[in-house]
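Here's the structure we're looking at; comments come further down.
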Amino acid sequence: MAALLQLTRVTKSFGAVRALKGVSFALESGEVHALLGENGAGKSTLIKIITGAHQPDGGQLEIGGEPVAHLTPAKARALGIACIYQQPALFSDLSVAENIALRLERTSPAHRVRWAQRHARARELLHRIGAEIDPAAEVRALSMPEQQLVEIACALGAGARIVIMDEPTASLTQKEQHLLFAVVRELRASGTGVIYISHRLDEIFALSDRITVLRDGETVGTNRVDEINEASLIKMMVGREVSAIYPPAESAPGDVVLSLKNVGCRASGVRDITLDVRAREIVGLAGLVGAGRTELARVLFGLTPADAGEISLRGQPVRISSPQSAVSHGIAYVPEDRRRHGVILEMPIAANMTMAIHDALFPGAWLRFSAEQILALDFIRDLAIKTAGPDAPGGSLSGGNQQKVALARWFATKPHVLILDEPTQGVDVGAKAEIHKIIRALAKDGLAVLMISSDLPEILGMSDRIAVLRAGTITATFDGKPDAHDVMAAALGQSAGKEAA
Amino acid sequence: MTRYFRELTVAFALLALLLVLAVIAPAFFEAQPLLSRLTREAPTLIVACGMALVIISRQIDISVGSLFGVCGVCAGLLAAEKWPVALVVPLSIGLGALLGAVNGALVAGLRQPSIVVTLATMVIAREGLRWQRQGAFVNLPDGLQWFGLSQRAGQFTLIGLALVILAALAWAMKNLAAGRFIHATGSDAEAARLAGIRPQLTTFAVFVFMGALTGLAAVMNLVQSPQVDPKSGAGLELKAIAAAVVGGVAVSGGRGHLWGVFTGVLLLACINPALTYLHVEAYWEKAIQGAIILLAVIADGLRTRRGCRGS
């Protein structure tokens, strides 16, 4: 029997970044196939190719034994592919029945709506998955898991043969999880193929038939669930050579610069964080996406101020209530997602670099372009930024060079604490090594660096100490150079992690 | 060169229009009517400069016409009570700033969309004025017209004042940190916030400044005639927005130069006389203004689309 879905050596690049380097993956009908991998291993890209949101650069995609070229989201839906995302994509102002109808009915604008039929259809679909949801309810009033069930009902109603579930249990309670598992098993029994993405290993073992592990955009292997155990699975996820050579720490860390005691922020889900960061030290913050790493950085930068615990800077307790107060305390934050908020694309890179140091660089009212140019030229030389000159707009630079501009803006503030959020995400290999060298040089100059990264080798290679976050708090800290396996296990919530001071 | 491409295009369009007028209607360049025409545009230029700042910070203010009327009438009433000009001018500016602060507080403080906020304040100010004045003009004392100078001297004063303010603002937008904050806020408010700039404070300040300029423009309009028409600001907001957009200020925020706004004001101001000299009915003026705005917006849209594809 031909596989329901077959991908053969699929490749995809975004600019210089190779997201998929050759992934092969097969889904049989009536199976739950788990897809596992670190953040950035290529899972989302793979899903987007299957749902037609991205076109692969190479390789072959077959659905039901037929090769498919130029898959579009509409075509994918017509072929019976449905995807249930972590964040349900429903219209919150419309009722459940209307949402389901919008997905399933293709009608002309002048078509008369048959309400009774719509509601009956919705009720039947919801009943089939065992969900007690009123079809007339507004989606706004539903909880997140209820919305996910509506999504599943849509997939069911569309007669989907291939259902993709992207971390469906991330926001579910125990009881709701069991309901969801029952639905997944029912889908399997009816011959549907389910691609199940999750970081929770217990779930994967409980639910799936086969497991495929992705790493660095490549398939590491596919195994039947009864052929493999958790330990070997984690090994498959992390078991790679640390390919890049990371600049070593050369000096012993100094005094404690930033000290957190039981810091929490209810609004952002960060709780009970206790951590010291010393001068000349890089502390890596590891953890899965959503574990609270970026949220912690935003607390420290005053974007969502802490409402519990104590933050001290060089021994002095401080209150960081806004980004301005963070800057005045010598805290710098290079945010994630530089394309959106790291640099202002319309403005010249010189202006981008001086954005955070206006008061220091321009005492009095007006700007001094000569001072700004000198500063910008220095940074362009020191950080080897490839640009036409200080007046080139930020948008004209490549990703790696934009990141260097964002870094320069904060180095210019001469901070005591530097928080980096995914400093090399989407940056090509060459620029990555340069950025690593820059970060290490800054630490050597006496900075306390807090580095968030989803790239495990980067965390392991760069950090002097590693703190692992899970569900908004630190669950393990490692001194020195721990084993990749232990860090991964701690991030996944396995007990294998050796708890060090 | 490419950096000011948009501004230069408008300047060339203006130049072309002036050349056409020079050939077919040399009468357009007679000194006295030209001077009067430019004087009438002086308050518009002031308001358009403020509007440019508002649009660069990615907001809009459609209440300026009504605020202009309120400031004009209030200043006129004070002048009729024999208050000295030296007091009337700062009071009008202050009143404008106060009304602008209301807009700014609602937009920046409560984070409401500026188009809705200023629509509301526009209607409140306009209807409040209509109820209060019942459409009656305010008669001004004799000494006020042209600040008590000769007509010619008064006209030169007003044009000079407008140009000085334009030049000062153009300089400030480039050379003061405040100008950079406005550009940064309009380009990407979240990025500005992450860089330690206060985008909400910037937005509030821009609205206050817009109000203050409106108050000044109202006085500059007032001294040109013996009476104040409470409806004198009607349509001013559209004229100001049009001049800014035609002059190359991007509606998407973050981009624009005040010298472009200057050419925009002049270009729009030349259309009506050009039509008259070309013996086209003056009714077409607004339609042609609209067409020019559309042209400007389409040109910007095409440019940004090309830019996206390039990157």
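Per the listing A:234, A:197, A:204, the residue uniquely in contact with a Ser or Thr (Cβ under 8 Å, 6 or more places away or on another chain) and buried (at least 18 other Cβ atoms within 10 Å of the Cβ) is A:204. Looking across the range A:386-401, the residues that are in contact with a Gly (Cβ under 9 Å, 6 or more places away or on another chain) and either away from chain B (no Cβ under 12 Å) or not in a helix (DSSP H, G or I) (or both) come down to A:386, A:398, A:400. Being at pLDDT 90 or above and either out of contact with any strand residue (DSSP E or B) (no Cβ under 7 Å at 6 or more places or on another chain) or more than 30 Å from residue A:95 (Cβ to Cβ) (or both) holds for only one residue in A:173, A:169, A:212, and it is A:212. Of all the residues in the range A:51-71, those that are assigned to a strand (DSSP E or B) and not small (Gly, Ala, Ser) number 6. Just a yes or no: is a residue in the range A:56-77 within 21 Å of residue A:21 (Cβ to Cβ) and under 24 Å from the mean Cα position of the chain (by Cα)? Taking every residue of the range A:56-77 in turn, at least one turns out to be within 21 Å of residue A:21 (Cβ to Cβ) and under 24 Å from the mean Cα position of the chain (by Cα). Residues that are within 15 Å of the chain's Cα centre (by Cα) and at pLDDT 90 or above: list the helices (runs of 4 or more DSSP H) wholly contained in the range B:1-88 that include at least 3 such residues. Output list reads B:31-56, B:64-80. If you check A:458, A:372 for being in the same structural domain as residue A:285 (by TED's automatic domain parsing) and assigned to a helix (DSSP H, G or I), only one passes: A:458.
Scanning the range A:239-254 for residues that are closer than 30 Å to residue A:434 by Cβ, within 21 Å of the chain's Cα centre (by Cα) and outside any loop (DSSP other than H, G, I, E, B) turns up nothing.
With respect to the conditions (1) within 14 Å of chain A (Cβ to nearest Cβ); (2) within 16 Å of the chain's Cα centre (by Cα); (3) of a type in the set (A, V, I, L, M, F, W, C); (4) farther than 30 Å from residue B:128 by Cβ, residue B:251 falls short on a single one, namely (4). Only a single criterion out of (1) of a type in the set (Gly, Ala, Ser); (2) surrounded by 20 or more Cβ atoms within 10 Å (Cβ to Cβ); (3) at negative phi is not satisfied by residue B:153, namely (2). Per the listing A:326, A:350, A:332, A:306, the residue uniquely at pLDDT 90 or above, in a strand (DSSP E or B) and surrounded by 17 or more Cβ atoms within 10 Å (Cβ to Cβ) is A:332. Counting residues in the range B:260-276 that are out of contact with any Ser or Thr (no Cβ under 9 Å at 6 or more places or on another chain), of a type outside the set (Asp, Glu) and not in a helix (DSSP H, G or I) gives zero.
Restricting the range B:132-187 to residues that are touching a helix residue (DSSP H, G or I) at 6+ places or on another chain (Cβ under 8 Å) and basic (Lys, Arg) leaves a set whose member that is farthest from the other protein chains (Cβ to nearest Cβ) is B:133. Evaluation of residue B:256 against the conditions (1) surrounded by fewer than 23 Cβ atoms within 10 Å (Cβ to Cβ); (2) within 14 Å of chain A (Cβ to nearest Cβ) shows that the sole unmet condition is (1).
Determine whether residue A:286 is touching a strand residue (DSSP E or B) at 6+ places or on another chain (Cβ under 6 Å) and either over 13 Å from residue A:418 (Cα atoms) or more than 14 Å from chain B (Cβ to nearest Cβ) (or both). Against the criterion (touching a strand residue (DSSP E or B) at 6+ places or on another chain (Cβ under 6 Å) and either over 13 Å from residue A:418 (Cα atoms) or more than 14 Å from chain B (Cβ to nearest Cβ) (or both)), residue A:286 qualifies. If the condition is being touching a strand residue (DSSP E or B) at 6+ places or on another chain (Cβ under 8 Å) and either part of a helix (DSSP H, G or I) or charged (D, E, K, R) (or both), then the range A:412-445 contributes A:421, A:422, A:428, A:439, A:440, A:442, A:443. Looking at A:77, A:103, can you tell me which residue is closer than 30 Å to residue A:6 by Cβ, touching a Ser or Thr at 6+ places or on another chain (Cβ under 9 Å) and surrounded by fewer than 20 Cβ atoms within 10 Å (Cβ to Cβ)? That would be A:77, the only listed residue that is closer than 30 Å to residue A:6 by Cβ, touching a Ser or Thr at 6+ places or on another chain (Cβ under 9 Å) and surrounded by fewer than 20 Cβ atoms within 10 Å (Cβ to Cβ).
When the residues of the range A:106-128 are filtered to those that are of a type in the set (D, E, K, R) and assigned to a helix (DSSP H, G or I), the one that is farthest from residue A:150 (Cα to Cα) is A:118. Tally the residues that are touching a helix residue (DSSP H, G or I) at 6+ places or on another chain (Cβ under 6 Å) and of a type in the set (Lys, Arg), restricting the search to the range A:133-152. Count: 0. If the Cβ limit is 6 Å and pairs must be 6+ apart or interchain, which residue in the range A:343-366 that is at the interface with chain B (Cβ under 7 Å from one of its Cβ atoms) pairs with which residue that is surrounded by fewer than 16 Cβ atoms within 10 Å (Cβ to Cβ)? Going by the 6 Å Cβ cut-off, the qualifying pairs are A:362/A:368. Of note, residue B:254 does not satisfy the criterion of being more than 30 Å from residue B:38 (Cα to Cα) and assigned to a loop (DSSP other than H, G, I, E, B). Per the listing B:17, B:95, the residue uniquely in contact with a Cys (Cβ under 7 Å, 6 or more places away or on another chain), closer than 30 Å to residue B:276 by Cβ and touching a residue at least 24 places away in the same chain (Cβ under 8 Å) is B:17. For the residues A:458, A:434, the requirement of being of a type in the set (Asp, Glu), out of contact with any Leu (no Cβ under 8 Å at 6 or more places or on another chain) and at pLDDT below 90 singles out A:458. Among the residues of the range B:188-233, those that are of a type outside the set (A, V, I, L, M, F, W, C), within 14 Å of chain A (Cβ to nearest Cβ) and either under 18 Å from the mean Cα position of the chain (by Cα) or assigned to a helix (DSSP H, G or I) (or both) comprise B:190, B:193, B:199, B:200, B:202. Against the numbered list (1) free of Cβ contacts under 8 Å to residues at least 40 places away in the same chain; (2) farther than 26 Å from residue B:53 by Cβ, residue B:139 comes up short only at (1).
For the range A:1-50, residues that are under 23 Å from residue A:185 (Cα atoms), assigned to a strand (DSSP E or B) and without any contact (Cβ under 8 Å) to a residue 60 or more places away in the chain total 1.
The values are calculated or read from the model by the stated rules, or taken from the named source; none is laboratory data. All values reported here derive from a predicted model rather than from experimental measurement. Heads up, the Cβs are rebuilt from the backbone with ideal geometry, glycines too, and the neighbour counts pull from every protein chain shown.
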